[in-house]
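The values are calculated or read from the model by the stated rules, or taken from the named source; none is laboratory data. Everything quoted here is computed from the prediction, not taken from an experiment. Please note: Cβ atoms are built from the backbone with ideal geometry, for glycine as well, and neighbour counts cover all protein chains shown.
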Amino acid sequence: MLPFMPGCSRMSRNPRNNDNMKARIEKIRNEAGDLLLNKEELAVCLNLTSTRTIENWMRRRIIPFIPLGHRTVRFQPRKVYRALEQLEVRAV
């Protein structure tokens, strides 16, 4: 099973921004079932350094997403984790 919110890879040099980011991460962690995340927030949740990986997964239809406009997409974290767990290779 994939761990939820393994860490925050995008911390700012400004301590005030770090506190805001930590507060947002805690909010995401507490309300993950009902919250819709954008690409940047999902990248933080998955401990990715870039949103490019998420864009590649979207293009290859690996993770589910909700298109809301021409360039606006949102993700439900539980569904994304469930989709990624299906890709996990288990030892024989």
Collect the residues in segment 40-73 that are among the basic types (Lys, Arg) and on the phi > 0 side of the Ramachandran plot, keeping them in residue-number order. ARG61
Could you please let me know if LYS22 is modelled with pLDDT under 80, surrounded by 12 or more Cβ atoms within 10 Å (Cβ to Cβ) and out of contact with any helix residue (DSSP H, G or I) (no Cβ under 7 Å at 6 or more places or on another chain)? yes
